[in-house]
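Okay, structure first, notes after.
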Amino acid sequence: MEKIKTKLIAIDENYLDMDKIREAGQILKEGGLVAFPTETVYGLGGDALNPQSSGKIYAAKGRPSDNPLIVHISNMKALEKIVTKIPEAGRKLADAFWPGPLTMIFMKSDVVPKETTGGLDTVAVRMPSHKTALALIDAAGGYIAAPSANISGKPSPTLAKYVAEDMDGRIEMIIDGDVGIGLESTIVDLTDGTPTILRPGYITLEMLEKVLGEVNVDKTILDGNSKQAPKAPGMKYRHYAPKGDLTILDGEQVAVRDEINRLTKEQQQKGEKVGIIGTEENMPSYEADSVKSVGSRGDEDSIAKTLYRILREFDDEDITVIYSEGFSTVGMGQAIMNRLLKAAGHKIIYVS
Ligand code: AMP
Ligand code: MG
């Protein structure tokens, strides 16, 4: 791949510098790629209606081209042009959660190239709430295709320095700014009967049920043994993987702590460099080469925001074996455990 010069700029979402936004928008209009902050994680943006731009996104990420991209819009009028129909459920969810960390799947119209949707007749759409992202979408002509701004298989970046680590030399520009949640958007499929969660996120099952009544959850989300193929093509790939070999320990809290310490010693004796991901409460009882707190048990916002950064830090520290506490799977815990299980290749040990 040809190496290109990557320009790094910073934009404060509370004081938008419109000259910088226009410069970034121009790059996108000309078919280039710009990474930008959103309220979930950093996105790797290209013009969603330009098939060449989508091709460049797949190349920059090393992403399989059957894994469709999410199209980002800034207003409801823009939605009408790219879908054939907006079902009632879609209007209700847009009213309740847009702009915000919710992606909906619709039947696509002809203006959306198949390159953007990985060959599918459906299109994933989100209206983000991040002010830099919204301004950039407008400056780019209204439609930005943007997967997470990481090399395929690595944890999604929550800091600009991790975007640069993966994308320097591959894209035209990186916009530094703050991301909020730290996990990718919730994805809901509206094309096939009862609305179904394909990927859990900040907008939880409980929140969706309040608006829609019945909502299904794709079985593959927490079940590593499911024979079924996940409906979001991207969910089948091993994702979010740290370099170290990650195992989750779940069950009664004291037993989990003791077992993590025992396994850590065992691995250190074999010469492994061990990292632990634990909750704040348990920090004093752990000993390893690197011990990191994801925040207080129960403070899901902090756990979501910290998790990917910790996985990246273990990579920087050349940690070879990682143990993590497990988390509750209700509310946003479902999204956290889904990402952790994928990072661990579904290696989980239950202790009591
Ligand atoms: P990322 O871009 O890294 O946030 O990943 C986007 C996710 O959305 C992947 O898991 C995709 O498989 C999923 N996705 C995008 N478009 C569709 C679609 N039309 N139908 C089902 N899943 C989709
Ligand atoms: Mg991703």
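Below, the figures for the structure above:
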read-out	value
Matching option when the condition is among the basic types (Lys, Arg), more than 16 Å from the chain's Cα centre (by Cα) and under 30 Å from Leu8 (Cα atoms), among Lys56, Lys108, Lys81, Lys85	Lys56
Subset of segment 46-80 (residues that are touching a Phe, Trp or Tyr at 6+ places or on another chain (Cβ under 6 Å) and either assigned to a helix (DSSP H, G or I) or touching a residue at least 60 places away in the same chain (Cβ under 8 Å) (or both))	Ala48, Leu49, Val71
Any chance Leu249 is over 25 Å from Lys161 (Cβ atoms), at pLDDT 95 or above and in contact with a helix residue (DSSP H, G or I) (Cβ under 8 Å, 6 or more places away or on another chain)	yes
Subset tally (residues that are within 12 Å of ligand 2 (Cβ to nearest atom), surrounded by fewer than 22 Cβ atoms within 10 Å (Cβ to Cβ) and on the phi < 0 side of the Ramachandran plot) for segment 118-156	2
Lys85 being part of a helix (DSSP H, G or I) and away from ligand 2 (no atom under 15 Å from the Cβ)	no
Subset of segment 129-165 that is in a helix (DSSP H, G or I), within 16 Å of ligand 1 (Cβ to nearest atom) and not β-branched (Val, Ile, Thr) - its residue that is farthest from Gly177 (Cα to Cα)	Tyr162
Odd one out for Gly180, checked against (1) out of contact with any helix residue (DSSP H, G or I) (no Cβ under 9 Å at 6 or more places or on another chain); (2) under 24 Å from Lys305 (Cβ atoms); (3) small (Gly, Ala, Ser)	(1)
Any chance Ala24 is within 12 Å of ligand 1 (Cβ to nearest atom), buried (at least 23 other Cβ atoms within 10 Å of the Cβ) and over 17 Å from the mean Cα position of the chain (by Cα)	no
Members of segment 295-324 found to be modelled with pLDDT of 95 or more and assigned to a loop (DSSP other than H, G, I, E, B), listed by number	Glu317, Asp318, Ile319, Thr320
Any chance Glu272 is surrounded by 14 or more Cβ atoms within 10 Å (Cβ to Cβ), farther than 18 Å from Leu307 by Cβ and in contact (Cβ under 8 Å) with a residue 60 or more places away in the chain	no
Residue within segment 57-72 that is surrounded by 18 or more Cβ atoms within 10 Å (Cβ to Cβ), more than 16 Å from ligand 2 (Cβ to nearest atom) and farther than 22 Å from Tyr308 by Cα present	no
Boolean, Gly169 is within 16 Å of ligand 2 (Cβ to nearest atom) and either part of a loop (DSSP other than H, G, I, E, B) or surrounded by fewer than 19 Cβ atoms within 10 Å (Cβ to Cβ) (or both)	no
Of the criteria (1) without any contact (Cβ under 8 Å) to a residue 60 or more places away in the chain; (2) under 21 Å from Val294 (Cα atoms); (3) of a type outside the set (A, V, I, L, M, F, W, C), which one Pro155 fails	(1)
Complete set of residues in segment 327-347 that are surrounded by 21 or more Cβ atoms within 10 Å (Cβ to Cβ) and part of a loop (DSSP other than H, G, I, E, B)	Phe327, Met332, Ala344
Residue identified as modelled with pLDDT of 95 or more and closer than 21 Å to Ile197 by Cα among Lys85, Lys7	Lys85
Any hit, segment 174-189, residues being farther than 17 Å from Ala133 by Cβ, surrounded by 20 or more Cβ atoms within 10 Å (Cβ to Cβ), within 13 Å of ligand 2 (Cβ to nearest atom) and at pLDDT 95 or above	yes
Identity of the residue in segment 89-117, more than 18 Å from Met207 (Cβ to Cβ) and of a type in the set (Asp, Glu), that ends up surrounded by the most Cβ atoms within 10 Å (Cβ to Cβ)	Glu115
Set Glu281, Glu300, Glu325: member being farther than 26 Å from Met207 by Cβ and acidic (Asp, Glu)	Glu281
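The values are calculated or read from the model by the stated rules, or taken from the named source; none is laboratory data. Note that this is a predicted model, so its numbers are computed, not measured. Counting neighbours? That spans all protein chains shown, and the Cβs are built from the backbone with ideal geometry, glycine included.
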